[in-house]
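Below is one structure, written out as structure tokens; comments come after it.
The values are calculated or read from the model by the stated rules, or taken from the named source; none is laboratory data. Everything numeric in this text was worked out from a predicted model, so none of it was measured. Please note: Cβ atoms are built from the backbone with ideal geometry, for glycine as well, and neighbour counts cover all protein chains shown. These accessible areas exclude ligands, DNA and RNA; they are computed on the full protein's heavy atoms, side chains included. Shrake-Rupley method; radii C 1.70, N 1.55, O 1.52, S 1.80 Å.
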Amino acid sequence: MKPFRNRLTLIMMTLIGLSMLGAGLAMANVFKSSHIGLQEENMGREIKLIQATMEFPPLTGDQKFSYYTEKSQMFETLADARVTFIQKDGTVIGDSESDPASMDNHAHREEMMQAETEGLGSTIRYSSTLGEDMIYVAIPVKQGSFDGYIRLAMSLKEVDQGVRQGWTVMGAGIIVLFIIAAFVSYRVAASLTSPLEKITSVARRITRQDYDARVQLNRQDEIGQLSLAINGMADSLQTQLKTIRDNEDLLQSVLNNMTGGILMLSYDGSIVLVNRAAEEMLGVKAEHVTGKPYRELRQHYELTKLIEEGLEHRTNFREERNLYYPVESIVRMDGVAMVQDDGSYRGMLFLMQDVTDIRRLERMRSEFVANVSHELKTPLAAVKGFAETLLGGVEDEKTSRSFLQIIYDESERLNRLIRDILELSKIESKRIAMEYSPIHLFPFFQSLVEFMQPESNKKRISLHMEVPEELFLEGDEDKLRQIFTNLLSNAINYTQEGGRVQLIVRDMHVHEHGDTVQFIVKDSGLGIPKKDLPRIFERFYRVNKSRSRSSGGTGLGLSIVKHLVDLHHGTIKVESELGLGSSFIIEMPLLQEND
Ligand code: ADP
């Protein structure tokens, strides 16, 4: 922008300078010519005056020369000019400065010829005698015995001096004016270019994506229109950009919040997009792999093989593959060939679904079915076998009674098994609703202990409870009863005769997750081997199959307990020492949060 302003200033100053110079020259010319004209007129008048005041006696020879020379010298002092008397034929007969005898014939001098034709002749000539410009004025005079010309000559020194002086004054004026003009034209140029500079700087900021930039000019002219147009452009850019960003954000949040992983590859196999779920599944960071070839995912050998095939065949497919990094998982890949509207191939889109849990559940379900069938088969086989024997005929009344007893016991067991299986599947499929109410724990456990008493009495096991009297807990009473019936009957079952079972309840006031209550069911029984501890909450898991069966267990009790504790947002753990006894420790929040 600056160069334009400077150029403008320069142009304006040159124009001003040139016009001032022209005016000066014109003025000097006018001054000179008017001054010379005036001089001519004066000299003409002086000649007329000489003519009128002088006598022209009839003289000849030397007398004539000396008379006119004397006169010319007299008039020179009066008129302050060189005076020359010249005869018609051009002979000089008197001159105030030179000897007429030594002077050339003057007939062809310019001023003479002009005087002859026009009555007054004048000319300006350089006089080598005096070394300066002279003005000569001649008038024809015919009076008395004289017929010729009187000529006056004056130096132009004064005129030139005047002109020079004029030039000096004007030169100084021109310089002053020039400085003023420079200043004014710079200001004018600046006022013309500065709004343009502002507009340009705003346009530059917009180019640098600073869309808040606006031109602050309040003008009604074309420049005002231009700044309005620029501001309008910035407005529209800003709104368009916002729309684009909003859309981008929306898309980004959709991509990032999808549970499915998305991996997009361009036709040449470079990674275009990896969403958050895919990052987690593959154990990579989008910023590290975007733009790189898919082979960067080399930890996933099976996957890269699949991608390679997908890119090669450009067809849709669905496959499952195992990933071993960052965690072992099973991923279902849906490969989709991306084809544009014009039919050109853009690359492949891979949708990834972590199916590890689904597959594990499926496996667990089929294992469960196998387990259930196996568990049901054993008592059924016993019932069938003993019934067959009875049908075959048994003489002995006592034997047939004992067979019938076995059949009865086994069907009881079947009954319990089926009841527990149904209960468990109900809990696992979350089809049961929790009915919370405040439970006064002291009477609750009192009645429970009373209910268990006959069983413990049978084995002469002492059953004690230690419960704070005024403690209330928010919970589902039926389910809570189910939990502790299971734990207490396990404790009685797996404790030898004469042993001891304790139920301890503690109010854990200060706890990082709010108030909780701790329940401990402790026995002095057989204990559980260390290796079995992590598994005893699994379905059908028994430490000792025959012992559990002889005690009537189904192997489902603890897994039901675990689920019911979970439903109360609690935790359960077990501590046991083989031969010394076991403790089942439950912690539950005092109050249930509404969910
Ligand atoms: P079961 O119906 O066989 O008792 P559970 O799920 O209730 O099934 O228990 C799983 C296994 O845990 C039992 O078979 C038993 O071996 C062991 N167990 C449970 N409670 C105790 C306990 N209090 N003392 C020793 N072992 C126990």
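Below, the figures for the structure above:
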| item | result |
| --- | --- |
| Answer residue from segment 468-478, given it is within 28 Å of I432 (Cβ to Cβ) and surrounded by fewer than 20 Cβ atoms within 10 Å (Cβ to Cβ) and is nearest to the ligand (Cβ to nearest atom) among those | D478 |
| Selected residue (only one of I483, I528 is more than 17 Å from L448 (Cβ to Cβ), open to solvent by less than 60 Å² (accessible area, probe 1.4 Å) and among the aliphatic types (A, V, I, L, M)) | I528 |
| G514 vs. criteria in the same structural domain as E455 (by TED's automatic domain parsing), under 25 Å from F442 (Cβ atoms) and open to solvent by 10 Å² or more (accessible area, probe 1.4 Å) | yes |
| Odd one out for E367 among (1) open to solvent by 50 Å² or more (accessible area, probe 1.4 Å); (2) outside the structural domain of S266 (by TED's automatic domain parsing); (3) modelled with pLDDT of 90 or more | (3) |
| Residue check, I427 within 16 Å of the ligand (Cβ to nearest atom), surrounded by 13 or more Cβ atoms within 10 Å (Cβ to Cβ) and of a type in the set (A, V, I, L, M) | yes |
| Any hit, segment 356-370, residues being more than 30 Å from N322 (Cβ to Cβ) and not hydrophobic (A, V, I, L, M, F, W, C) | no |
| Selection status of R187, loosely packed, with under 13 Cβ neighbours inside 10 Å, outside the structural domain of L8 (by TED's automatic domain parsing), basic (K, R) and closer than 17 Å to L10 by Cβ | yes |
| Subset of segment 437-467 [in contact with a helix residue (DSSP H, G or I) (Cβ under 7 Å, 6 or more places away or on another chain), within 23 Å of T554 (Cβ to Cβ) and either outside any strand (DSSP E or B) or open to solvent by 30 Å² or more (accessible area, probe 1.4 Å) (or both)] | L448, M452, E455, S456, K459, I461 |
| Hits in segment 269-313 - residues which are outside any helix (DSSP H, G or I) and in contact (Cβ under 8 Å) with a residue 40 or more places away in the chain | G269, V272, G283 |
| Evaluation of G498 against (1) away from the ligand (no atom under 13 Å from the Cβ); (2) open to solvent by less than 20 Å² (accessible area, probe 1.4 Å); (3) not in a strand (DSSP E or B) (one fails), failing number | (2) |
| Restricting segment 57-73 to residues that are farther than 17 Å from D95 by Cβ and touching a residue at least 60 places away in the same chain (Cβ under 8 Å), the residue that is surrounded by the most Cβ atoms within 10 Å (Cβ to Cβ) | P57 |
| Total residues in segment 208-233, condition within 17 Å of L196 (Cβ to Cβ) and part of a helix (DSSP H, G or I) | 11 |
| Hits in segment 304-323 (condition: surrounded by 17 or more Cβ atoms within 10 Å (Cβ to Cβ), among the hydrophobic types (A, V, I, L, M, F, W, C) and under 23 Å from V339 (Cβ atoms)) | L306, I307, L311 |
| Pairs with Cβ under 9 Å, 6+ apart, first in segment 231-245 and closer than 17 Å to V202 by Cα and without any contact (Cβ under 8 Å) to a residue 12 or more places away in the chain, second of a type in the set (S, T, Y) and surrounded by 11 or more Cβ atoms within 10 Å (Cβ to Cβ) | D235/Y211 |
| Flag if G347 is surrounded by 15 or more Cβ atoms within 10 Å (Cβ to Cβ), closer than 13 Å to M264 by Cα, in contact with a Ser or Thr (Cβ under 7 Å, 6 or more places away or on another chain) and not acidic (D, E) | yes |
| All positions within segment 74-84 that are open to solvent by 40 Å² or more (accessible area, probe 1.4 Å), part of a helix (DSSP H, G or I) and not polar (S, T, N, Q) | M74, E76, L78 |
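Every residue, every condition in (1) open to solvent by 60 Å² or more (accessible area, probe 1.4 Å); (2) in the same structural domain as R7 (by TED's automatic domain parsing); (3) assigned to a helix (DSSP H, G or I), yes or no:
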| position | (1), (2), (3) |
| --- | --- |
| T117 | yes, yes, yes |
| I124 | yes, yes, no |
| I135 | no, yes, no |
| R151 | no, yes, no |
| Q161 | yes, yes, yes |
| I180 | yes, no, yes |
| S191 | yes, no, yes |
